[in-house]
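What follows is a set of notes on a single structure, which appears directly below.
The values are calculated or read from the model by the stated rules, or taken from the named source; none is laboratory data. Values in this document were obtained by computation on a predicted structure and should not be read as measured data. Glycine also receives a Cβ, built like all others from the backbone with ideal geometry; neighbour counts cover every protein chain displayed. We work out accessible area using only protein heavy atoms, side chains counted, and drop any ligands, DNA or RNA first. Shrake-Rupley method; radii C 1.70, N 1.55, O 1.52, S 1.80 Å.
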Amino acid sequence: MSNKKLSRLMSLLVIPALALTVSACGGGGKKDGVIFYVWGDNAELACYEKIAKDFTEETGKKVNVQVSTGDYYDNLNVLFSSKNTAPDIFFTESGELPSHLASSKIMNLSSYIESGALDVKSPSNPDGEVELWDINDAYRYDGEVIGKGDYYALIKDWSPDFMLWYNKSHIDGYNAENNLSEGDEGYMQYPSDTVPMTWDEFYDMSYKLRKTARYGTMLDRVPYKHLMEWVQMTGSSVWAEDNKNFNSNDPDVYKAFKFFCDLQIGEKASAPIIGPTGVGSGEAFANGNVSFVFFGNWAYSTYNWNSVGFELGYCPSPVPAKADGSALTENDTYAACSGMISLAVYKNTTLPDDAVEFLNYYMTHGNRYMAAKGFNIPGNKAVANSPVFTNPEDSQLAEINQYFLNVANKYTHPIVYNTEMSQLSFENIIGKHMSDYLANPKGGTLQQVLDGIASDVKREL
């Protein structure tokens, strides 16, 4: 991405006029330590506080954990407007990197890697304690192209984000209610833990498991990133080769969007229409109110699935059937990582050395602490491959971590974002058109939805 293109993207960024106060700064006074800007549930936030406290006890340098309320990125832009409110370290996603580069708010970390302040393993530092995954290249930029060059963020954790978790008792119940025994026609088998279902098989199975007050599945978690994964499964992309146009006329893009819509409004719909549901899919699954959900391995700990009253199952995400009609195999598994949430440092921080020191601490001590708690695959590959992650005391968690790590190593691909526009902007465009269509499918065609998205994307770019 050229500097000219960055400037054009910067002109599209709108910073809302919000009034924010930061307790760590006393509402405008001098900072008393590094501000670490985060999101998360109570369990995650407690971990961040513990890591910050441990760092302070070891170094004498204070870290203030600041929790986002409302939209994280909108608030982040507001916080950046003042040196006293700007976070020194913040979360980001690869789809937001173009915006950060355009606004010149993200620090180039390569000099700290070269100096050893960030102890990243490399040919010149073979004993470095932080081993980066190849997918961390999504946070590199050489002045023209994202994906190579200098490092701008380090992935704190990641996962195949849309693996399928299911409630085995719902399948058992279906067979019992229909007087089906193994070997009978129509008997419902548990999904294979190695060979994915086809989209059609999942569409049918999730519909059969839907009951009054129970969904077959839900698509509430980052639904449009999930939709992008389904497009990539077909071998296509939401983006045309020039990276400036939405692939509205691609038949595979249409196929993925249709699958997404059919699960919500098709003849065998099993999912509620995306939007506020009162209870998210993670909690609904724990309560037995949905049969299939799409999550990374972090969900097991986040939603306390270790204490649900049924046997958990997990398997690959469903994929499109082969064009030649041949049977799927394990090698047809396709998983995607949508977030790859990373830690970045504010370019204009008044505490650069302290911020970098805490970043290095998080990637070592912090990664080990989070791994022991079961929160996702560590961004430090050395920690991910260590017993702290692969062999925790919880035997079921150990099995889950090893399963997800295997899928991550063999079958996982990053979501392909557009380097010319913010992912948030793109998702807002999709949401505008999809919400109207899902609410009133007779008011237009799916192709008109795709054409509308393409038109808005063209204007944005």
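Remark: the Cα gyration tensor places segment 309-461 in the oblate category, a/c being 1.5 or greater and a/b not exceeding b/c. Determine the share of segment 418-461's accessible area contributed by carbon and sulfur atoms, expressed in whole percent, with a 1.4 angstrom probe. Its accessible area is 49 percent carbon and sulfur atoms. Could you pull out every one of the aspartates and glutamates with an alpha carbon less than 13 Å from that of Lys105, ignoring same-chain neighbours closer than 8 positions? In chain and number order, the partners are Asp88, Glu96. Summarising the label geometry, the points placed 7 Å from Cα in the beta-carbon direction at Ser81 and Asn409 lie 4.8 nm from one another. Extension gain for Ala372-Asn42 works out to 117.1 nm (0.36 nm per residue, less the C-alpha to C-alpha distance). If the segment from Gln447 to Glu330 were pulled out straight at 0.36 nm per residue, it would be longer than the present Cα-Cα gap by 38.8 nm. The modelled label-to-label distance between Asp204 and Lys458, using points 7 Å beyond Cα along the C-beta direction, is 4.0 nm. Of all lysines in the structure, those lying under 28 Å Cα to Cα from Lys208, and not within fewer than 8 positions of it along the same chain, are Lys168, Lys225, Lys255, Lys258, Lys268, Lys322, Lys442. DSSP finds beta bridges in the chain, and of those with both partners inside it, around 65 percent are antiparallel.
Stretching the chain fully between Lys53 and Glu283 yields a gain of 79.8 nm (0.36 nm per residue, less the alpha carbon separation). Principal-axis analysis of the Cα atoms of the chain puts helix 223-233 at an angle of about 70° to the longest axis. The accessible surface of segment 304-365, taken with every protein chain in place and a 1.4 Å probe, is 44 percent carbon and sulfur. If R0 equals 25 Å, the separation of the Cβ atoms of Asp172 and Thr194 corresponds to a calculated FRET efficiency of about 0.75. Relative to the longest principal Cα axis of the chain, at what angle does helix 42-59 sit, 0 to 90 degrees, rounded to 10? Here the helix axis deviates by roughly 30 degrees. Cβ-Cβ distance of Asn179 and Ala213, R₀ of 22 Å, FRET efficiency by 1/(1 + (r/R0)^6): the value works out to about 0.45.
Once C-alpha pairs closer than 8 Å and six or more residues apart are averaged by separation and normalised to the residue number of segment 257-382, the relative contact order reads 20 percent.
Computed from the Cβ-Cβ distance with R0 of 25 Å, the FRET efficiency linking Asp32 to His365 stands at 0.70. Exposure check, 1.4 Å probe, all protein chains in place: Met228 carries approximately 10 Å² of accessible surface. A simple charge model with +1 on the Cβ of Lys and Arg, -1 on the Cβ of Asp and Glu and nothing else charged puts the dipole of the chain at about 1280 debye relative to its Cα centre.
Please work out whether segment 261-323 counts as rounded, prolate or oblate from its C-alpha gyration tensor, where a ≥ b ≥ c are the square roots of the eigenvalues and a/c under 1.5 means rounded, while otherwise a/b larger than b/c means prolate and anything else oblate?
oblate
Measuring spread by the Cα atoms of the chain yields a radius of gyration and Dmax of 22.6, 73 Å. Under the simplified labelling scheme, the Lys268-Asp74 pair shows an inter-label distance of 3.9 nm, with each label point 7 Å from Cα along Cα→Cβ. The residue among Asn297, Ala286, Phe259 whose Cα reaches farthest toward the positive pole of the charge dipole of segment 211-315, with charges on the beta-carbon of Lys, Arg, Asp and Glu, is Ala286.
In the context of the full set of protein chains, segment 241-371 has a per residue accessible area of 38 Å² (1.4 Å probe). Look at the dipole of the chain built from charges on Cβ: of Ala408, Asn77, Thr445, the Cα furthest out on the positive end belongs to Asn77.
Counting only alpha carbon atoms, the long axis of helix 423-439 and the longest principal axis of the chain meet at about 30°.
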